[in-house]
Number of protein chains: 2
Amino acid sequence: MKDENKSFFANSSDIDMEKYCVFKYYFETPFNVEETAAHLCREQSTALWKRVNYDEDFRPEHGAKVIDLKIIGTTKTPSLIALHAKGDVYNKAIVKIAHPTINFGTKLPNLMTAACGEGAFFTPGINSIKLLDIEFPKSYTNEFNGPRFGLGGIRKILNVYDRPLVCGVVKPNIGLKPKDFAELAYKAYLGGIDATKDDEMLSDVKYSPTKERVAAVINLMHKAEDKTGEKKIFIANITDEVDKILELHDMVVELGGNSVMLNAMTIGLSAARMLSKHSKVPIFSHFDFIAPYTRHPNFGLTTQVMTKLQRLSGFDGIIMPGLGDRMNTTTEEVKDNVNICLSKWGNIKSSLPVPGGSDWAGSLQNMYNTFNTKDFSMVPGRGVFGHPDGPESGARSIRQAWEAIEKNVGINEYAQSHKELANAIAAFGSK
Amino acid sequence: MKDENKSFFANSSDIDMEKYCVFKYYFETPFNVEETAAHLCREQSTALWKRVNYDEDFRPEHGAKVIDLKIIGTTKTPSLIALHAKGDVYNKAIVKIAHPTINFGTKLPNLMTAACGEGAFFTPGINSIKLLDIEFPKSYTNEFNGPRFGLGGIRKILNVYDRPLVCGVVKPNIGLKPKDFAELAYKAYLGGIDATKDDEMLSDVKYSPTKERVAAVINLMHKAEDKTGEKKIFIANITDEVDKILELHDMVVELGGNSVMLNAMTIGLSAARMLSKHSKVPIFSHFDFIAPYTRHPNFGLTTQVMTKLQRLSGFDGIIMPGLGDRMNTTTEEVKDNVNICLSKWGNIKSSLPVPGGSDWAGSLQNMYNTFNTKDFSMVPGRGVFGHPDGPESGARSIRQAWEAIEKNVGINEYAQSHKELANAIAAFGSK
């Protein structure tokens, strides 16, 4: 190895790991793996570590350092072509890099610049790279509040502790007048849904101003609470220009609203952190823009990284790509993301995991089996609001599906005595 | 075609195009191209266009509509594997979709949700998709201010109109104390650089608080202005949590700073729009997080889309992946991005294009020839601050390179009588 690259390697036992975040990457290179890993450290930290004609070295304090490196195979078919990294055979490697937190501080945009900015993605010699994970030292996460309400806070509002939650995206998602939107939500509440929400495409728009929509829903939500004896939530999508969201939040709360949502990836995680410092109600995220940088198996970021960052930034509920072919996300990846929401993490509260993707009553058993916990929420749209007998029956079909699970009865058998479930199976079961 | 899909097609002459943004995509599908394009429209707008048991149709007003569709080839090798879109042969198509602006309004996060959110990237039947372009109706862009200063405003500060600008990223980028950082910037100013800037990795950090760094640089910048008789700019990176950037901007301005920078992709374009409404000085963007979603040739977004959105959001200068193998960006793509900054666009001022990537004095001729305009800025780091004789010589070498171009003399010839250029060629020319 070139002498100048040796300073970019360290044993984790020789450095104070409280001063480092650990970035774990998969990468491919046609060149020497050790030299390339060193180059990756240089590019993301101190590519020039001294001034010309000065006797100094910024690497010990500011240099990123390889603390683990494994070659996991070779391939003749690169995942992506890079003009600066061509060869006959490409090495595949997993590297853990300890990056000094002093370089970027406890700020989400700056953390992302370090972990997945120009340094990581423009390192010469690397033809493909994927950020797999970020590990944080305790001193770092201590500077974050995390979710203000979290899973526990959401359960407390609903007073539901013993089953998965059911949240419905009101559909048609676009075009409904506030009054009509509220009517649909009302029916779903009557049928037993815990929460209804705006679609990620529905925000403070002229044909349905948030103010009117929230007012209309909250009015009927309270009526449904009285009728059912159950507490309910409405999640208002306040995604907007970032300087509007506190104002929209305040308006929602003033109208009696009890939850808000941000399209996390288009508005930025920093907006969530800002909002969560201020928020009086749980904040949900929607994953909208996540696929362009997470879909490729060997390039970009993992959804796991984004889930971790969303929890850290303060989202109380995290809507994520869920199970099923349509979402193009492996079962393992969805399970990981559910676990990242729920795992113990210092003082950072758990987030409610909300895996989404064309779910309906018939999806619940598989979700429950797969996640092996009741601590998640479904988020069907059509499965409630496209039910042939309307949203009240749609919501009821899902509660019935849970009853069947609790009683350890198959849904087809349970459907024989529950017509909403039977009609859901008839409508959605062939998928 | 299925009847229900016909409503997702229109002739652009039959609809009021002032009410639509046009999203242009490349996509691949193993299925029927027309049906798949219709599905793409449904998923990004009105997947359910009526309530159950109501006689209504939201498609005419709210549905996205295919206005142009071309099959451009087939392949047996899909760009990405999608579980819901497998086949033996994949059709490759280019589609233009007119999406009603009423669905999302003149808000950047919501626009992005519509153009590249769940709808576009989770449409069943599409195994790979890339957003190539967004076209805006005049009524839409009229709601945006765009850059407050723009190219013209930056030239006016510098009083330089007849050549490309030279901006240097102070290196070492990480680790310098404010006083030492300012000394390096000072030397570069003396050597003839127009602007110096913080690296994207350098923000308001403990070892170099923005307040101290800006104060130190501005002091010496004025001294250099006095000595050289030239006006200078310092671009302070104020990337931080989004609720801190206005405060940081105000602090920079109070200290006499005359430009700021945001890492556009990690902080979000909406932050730029907020800042530009407020800003007293030109705002530069850095592309840091752009690669993960633009690198793949057939998936994600193009950098061109992001350049257009950055100009719309109000960035006066746009630092973008530039020429050269290292940046993994084709020459055509860089040229496109330069043109997108400069092209006439209603009342939206031009942004200064700043293509970056390991440039030095020897890069200038090729940049000038390629872009065929003087309206750009270089942004070397090592090419100035890694010059063997120090940053003053590094800056001088670039001004000399421009003199050679103006005099129509090759740089090797010009270097015979200009030692800074000669030493730059010796240090960087072998690359």
Take A:Glu403 and B:Lys419, extend 7 Å from each Cα along the Cα→Cβ direction, and tell me the distance between the two endpoints in nm. 9.3 nm
Only Cα pairs within less than 10 Å get springs; with that Gaussian network setup on chain B, which residue of B:His286, B:His84, B:His387 has the largest fluctuation? B:His84
Options A:Gly73, A:Gly119, A:Leu48, ranked by Cα towards positive dipole end of the stretch A:24-152, top entry (Cβ charges): A:Gly73
For the stretch B:3-141, what is the accessible area per residue in Å² when the probe is 1.4 Å? 38 Å²
Given H placed 1.01 Å from N in the peptide plane, which residues other than close sequence neighbours of A:Tyr20 have an amide H under 5 Å from its amide H? A:Thr101
Phi-based couplings in Hz for the stretch B:189-202 (Karplus 6.51, -1.76, 1.60; Gly and Pro marked x): 4, 4, x, x, 6, 7, 9, 10, 8, 6, 5, 5, 8, 9
Distance in nm between label sites at A:Lys335 and B:Tyr54, each 7 Å beyond Cα in the beta-carbon direction? 4.2 nm
List, shortest first and in nm to one decimal, how far the label point of A:Asn11 (7 Å from Cα along Cα→Cβ) is from its counterparts in the other copies. 7.7
Which single residue of chain A puts its beta carbon nearest to the axis of rotation relating A to B, and what distance, in whole Å, does that give? A:Gly268, 2
Expected unfolding gain across A:Asn412-A:Ser139 under the 0.36 nm per residue rule, minus the alpha-carbon gap, is 93.1 nm
Projected label distance in nm at B:Asp250 and A:Glu18, using a 7 Å step from Cα toward the beta-carbon: 3.5 nm
In debye, nearest 20: dipole of chain A around its Cα centre with unit charges on the Cβ of K, R (+) and D, E (-)? 540 debye
Answer with one residue from A:Met327, A:Ala422, A:Thr303: the one whose Cα lies farthest towards the positive end of the charge dipole of the stretch A:150-428, charges on Cβ with Lys, Arg +1 and Asp, Glu -1. A:Thr303
For the protein assembly as shown, what is the percent of antiparallel DSSP beta bridges, rounded to the nearest 5? 55 percent
Chain B: relative contact order as a whole-number percent, Cα under 8 Å and 6+ apart: 15 percent
Heavy-atom accessible area of the stretch B:150-428 with neighbours in place, 1.4 angstrom probe: carbon+sulfur share in percent works out to 47 percent
Shortest-first nm distances, B:Glu230 label point to equivalent points in other copies (7 Å, Cα→Cβ): 7.1
Taking the label point as lying 7 angstrom from Cα along the Cα-to-Cβ axis, what are the distances from A:Thr77 to the corresponding position in the remaining copies, in ascending order and in nanometres? 0.8
Can you give the accessible area per residue of the stretch B:339-394, in Å², using a 1.4 Å probe? 36 Å²
Ignoring ligands and nucleic acids, A:Asp16 exposes an accessible area, probe 1.4 Å, in Å² to the nearest 10, of 80 Å²
Spread of Cα-to-Cα distances over 5 Å intervals beginning at zero, given as percent, for the stretch A:342-431: 3, 14, 25, 22, 16, 8, 5, 4, 2, 0
Take the Cα radius of gyration of the stretch A:56-114 and divide it by 2.2 N^0.38 Å, with N its residue count; two decimals is plenty. 1.51
In degrees rounded to 10, the 0-90 angle between helix A:210-228 Cα long axis and the longest Cα principal axis of chain A is 60 degrees
What Kirkwood Rh does the stretch B:84-207 have if only Cα atoms enter the pairwise 1/r average? Answer in Å. 19.8 Å
One would report the antiparallel percent of DSSP beta bridges in chain A, rounded to the nearest 5, as 55 percent
So the B/A interface buries, both sides summed and with a 1.4 Å probe, an accessible area in Å² (nearest 100) of 7800 Å²
If you consider only alpha-carbon coordinates, what radius of gyration and Dmax does the protein assembly as shown have, in Å? 27.4, 96
Per the Kirkwood formula over distinct C-alpha pairs, the hydrodynamic radius of the stretch A:190-251 in angstrom is 12.5 Å
What translational diffusion coefficient, in µm²/s and rounded to a whole number, does the Stokes-Einstein relation yield for the stretch A:250-297 at 4 °C and a viscosity of 1.567 mPa s, taking the hydrodynamic radius as the Kirkwood radius over Cα pairs? 109 µm²/s
Taking only the alpha-carbon atoms of the stretch B:30-128, the convex hull volume per residue, in cubic angstrom, is 114 Å³
Theoretical ellipticity at 222 nm over chain B - DSSP helices of four or more residues, -39500 (n - 2.57) apiece, nearest 500: -11000 deg cm²/dmol
Given 5 Å bins starting at zero, what is the percent of C-alpha pairs of the stretch B:303-349 in each, up to the one with the largest pair distance? 4, 23, 32, 22, 12, 5, 1, 0
Rh (Kirkwood; distinct C-alpha pairs) - the stretch A:260-354, Å: 13.4 Å
Cα long-axis angle, helix A:391-406 against chain A (0 to 90 degrees, to the nearest 10): 70 degrees
What size of dipole, in debye to the nearest 20, comes out for the stretch B:28-150 about its Cα centre when the only charges are +1 on Lys and Arg C-beta atoms and -1 on Asp and Glu C-beta atoms? 280 debye
Per-residue average of Cβ from other chains inside 10 Å of B:240-253: 4
Compactness of the stretch A:150-428 - radius of gyration and Dmax, Cα, Å: 17.6, 53
For A:Val205, distant residues with modelled amide H under 5 Å away: A:Thr210
For A:Met320, the residues 5 or more places away or on another chain with a placed amide H closer than 5 Å to its own amide H are A:Val354, A:Gly356
Determine how many Å³ per residue the convex hull of the Cα atoms of the stretch B:202-318 encloses. 116 Å³
Report the accessible area of A:Lys308, computed with a 1.4 Å probe over the heavy atoms of all protein chains in place, in Å² rounded to the nearest 10. 40 Å²
With +1 on the Cβ of every Lys and Arg and -1 on the Cβ of every Asp and Glu, the dipole magnitude of the stretch B:1-96 about its Cα centre, in debye rounded to the nearest 20, is 380 debye
As an exercise, use a Förster radius of 60 Å and the Cβ-Cβ distance of A:Asn366 and A:Met1 to find the FRET efficiency, rounded to the nearest 0.05. 0.75
Consider a paramagnetic label point 7 Å from the Cα of A:Ile94 along Cα→Cβ; state which residues of the stretch A:291-319 have an amide N under 17 Å from it. A:297-305
Ignore the peptide's own chain and count Cβ atoms of other chains within 10 Å of each Cβ in A:179-189; give me the average, rounded. 1
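The values are calculated or read from the model by the stated rules, or taken from the named source; none is laboratory data. The structure displayed is predicted, hence computed values, not measured ones. For neighbour counting, all protein chains shown are included, and Cβ atoms are generated from backbone atoms with ideal geometry for every residue, glycine included. Quick note on the areas: whole protein, heavy atoms, side chains included, nothing else; ligands and nucleic acids left out. Shrake-Rupley method; radii C 1.70, N 1.55, O 1.52, S 1.80 Å.
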